[in-house]
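Structure, as structure tokens:
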Amino acid sequence: MIARGIMLGPDQPMILHLLDIEPASSSLEAVKMELQDSAFPLLKGVIATTNVVEACKDVNIVIMIGGFPRIAGMERKDVMSKNVVIYKAQASALERYASDDCKVLVVANPANTNALILKEFAPSIPEENITCLTRLDHNRALAQLADKLSVPVSSVKNVIVWGNHSSTQYPDTNHATVSTKTGDRPLKELVTDHNWLKNEFIVEVQQRGAAVLRARKQSSAFSAAGAACDHIRDWFLGTPKGTWVSMGVCSDGSYGIPPGLVYSFPVICEKGSWKIVQGLSIDEFSREKMDDSARELAEEKDLAYSCLNV
Ligand code: LMR
């Protein structure tokens with residue numbers, strides 16, 4: 001998807017740096033061969049390596065999909081101790097070898113806390129350059145709502161995923177709209193079953209990753225890849241006018257979320273920068289859900305630090 005230009009547009013050439021661990025080096029070499037064999041016009045080179053220094057050297061965009069995988073039956077917290085150690089080590093490599101303006105998207109779970117560890121152990125990378133993926137949850141929410149209303153997914157916008165990429169995330173439909181023949185209308189006018197919005201819908205989005213995992217015995221793959229492309233594309237090329245998306249970013253205290261946590265907010269992006277959408281009204285129901293997810297992230301942070309023995 002990246003080499004075809006889906007992530008950065010049809011005019012942006014690239015060199016791909018692919019990092020994997022030593023036991024996967026043969027498969028990695030095969031990926032490199034297949035990339036070459038695809039003759040992608042935008043692909044100007046492939047560096048496939050198991051050496052983290054070579055992988056990080058001068059990179060501008062980093063997508064961190066590597067981590068100890070979550071196996072069926074494992075909670076996200078179970079993978080924490082394995083992954084924070086990896087993320088701490090990669091923070092040092094990125095800090096030393098990546099380009100000064102590098103921007104990072106963390107996909108591997110626990111994504112928010114891996115991003116937080118990266119941010120804290122790579123202090124010279126500006127914190128606004130380190131983000132995590134909640135666009136997958138955002139896309140899942142759009143898809144569920146479009147399905148409920150039997151409308152194209154492209155006509156639903158401005159849902160929000162608040163919080164952690166976990167089962168405490170809060171998919172919020174209070175500000176979502178649907179484009180109709182007579183203009184944009186609040187989603188809550190069209191989905192009249194507010195009970196569904198407050199219950200089944202939220203649980204469905206929160207549990208979708210686990211449902212995919214149960215069904216295929218592995219985490220979601222191409223929907224996550226598509227969401228990662230969406231995240232980077234909007235970050236670099238801008239969100240469409242009048243539309244926001246959800247991104248896990250470092251909290252500045254907006255909406256009462258403790259500063260420093262990597263928390264999913266509604267953001268608009270322009271020229272490679274994101275800004276949290278301000279001034280949205282938050283009702284009591286939302287407040288409680290947003291705070292629950294912030295609490296979980298604070299607990300994950302403590303757990304991560306205890307795994308690192310610092
Ligand atoms: C997903 O949302 O599909 C994944 O993050 C699930 C997981 O925990 O691997």
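The values are calculated or read from the model by the stated rules, or taken from the named source; none is laboratory data. The structure displayed is predicted, hence computed values, not measured ones. Note that each Cβ is placed from the backbone with ideal geometry, even for glycine, and that neighbours are counted across all protein chains shown. These accessible areas exclude ligands, DNA and RNA; they are computed on the full protein's heavy atoms, side chains included. Shrake-Rupley method; radii C 1.70, N 1.55, O 1.52, S 1.80 Å.
Could you list the trypsin sites (Lys or Arg not before Pro) in segment 152-189 that lie in coil according to DSSP, counting only those with at most 14 other Cβ atoms within 10 Å of their Cβ?
On the way: sites: K157, K181, K188; in loops: K181.
Listed in order of number, the matching sites are K181.
Give the residue from I160, L187, S264 lying farthest towards the positive end of the charge dipole for the chain; charges sit on Cβ (+1 for Lys and Arg, -1 for Asp and Glu) and the dipole is referred to the Cα centre.
Comparing the listed Cα positions along the dipole, L187 ranks first.
With springs connecting C-alpha atoms under 10 Å apart, model the chain as a Gaussian network and identify which of L116, L133, L35 has the largest mean-square fluctuation.
L35
Under 17 Å between alpha carbons, and skipping anything fewer than 8 positions from K32 in its own chain: which lysines qualify?
K44
Relative to the Cα centre, what is the charge dipole magnitude of segment 151-253, using +1 at the beta carbon of each Lys and Arg, -1 at the beta carbon of each Asp and Glu, and rounding to the nearest 20 debye? Numbers along the way, then the final one.
Values: 11 positive and 9 negative charges, 63 e Å.
It works out to roughly 300 debye.
Could you work out what % of the accessible surface of the chain is carbon and sulfur, using a 1.4 angstrom probe and leaving DNA, RNA and ligands out of the count?
Values: 7880 of 15030 Å².
So the carbon and sulfur contribution to the accessible surface is 52 percent.
Which one of L28, L261, L187 has the biggest mean-square fluctuation once the chain is modelled by GNM with Cα springs under 10 Å?
Most flexible of the set in this elastic network: L28.
Once the piece of chain linking A146 and A215 is laid out straight, how much longer is it, given 0.36 nm per residue of separation minus the C-alpha distance between them?
Working: separation 69, 0.36 × 69 = 24.84 nm, distance 2.27 nm.
Taking A146 through A215 to full extension adds about 22.6 nm, to one decimal.
More than 19 Å apart: what percent of Cα pairs in segment 171-295 qualify?
Values: 4668 of 7750 pairs.
Value for segment 171-295 (Cα pairs over 19 Å): 60 percent.
Taking the chain on its own, what percent of its Cα-Cα pair distances exceed 32 Å? Don't jump to the answer; show the numbers that get you there.
On the way: 12467 of 47895 pairs.
Distances greater than 32 Å cover 26 percent of the Cα pairs.
Of the residues I65, I47, I130, which exhibits the maximal mean-square fluctuation in a Gaussian network model of the chain defined by a 10 Å Cα contact cut-off?
Comparing I65, I47, I130 in a Gaussian network model of the chain, the most mobile one is I47.
Using DSSP to define loop residues, name the trypsin sites (Lys or Arg not before Pro) in segment 1-104 whose beta-carbon has at most 16 other beta-carbon atoms within 10 Å.
Sparse-neighbourhood loop trypsin sites (Lys or Arg not before Pro): R4, K57.
Within segment 204-310, report the chymotrypsin sites (Phe, Trp or Tyr not before Pro) that DSSP leaves as loop and that have at most 16 other Cβ atoms within 10 Å.
Details: sites: F222, W235, F236, W244, Y255, Y263, W274, F285, Y305; in loops: W244.
Listed in order of number, the matching sites amount to none.
By how many nm would the segment from Y305 to D184 lengthen if fully extended, with 0.36 nm per residue of separation less the alpha-carbon distance? Before the final figure, lay out the partial values.
Numbers: separation 121, 0.36 × 121 = 43.56 nm, distance 4.56 nm.
Working it through step by step, the gained length comes to 39.0 nm.
Taking a 21 Å limit on the Cα-Cα distance, which of the listed pairs K157/K181; K119/K289; K88/K301; K82/K119; K241/K271 fall beyond it? Let's see the in-between values first.
Values: K157/K181 15 Å; K119/K289 25 Å; K88/K301 13 Å; K82/K119 18 Å; K241/K271 13 Å.
Long pairs (Cα-Cα over 21 Å): K119/K289.
Can you list residues from other chains, or at least 5 along the same chain, whose modelled amide H is less than 5 Å from the amide H of I130?
Under 5 Å from the amide H of I130 lie the amide H atoms of V104, each far enough along the sequence or on another chain.
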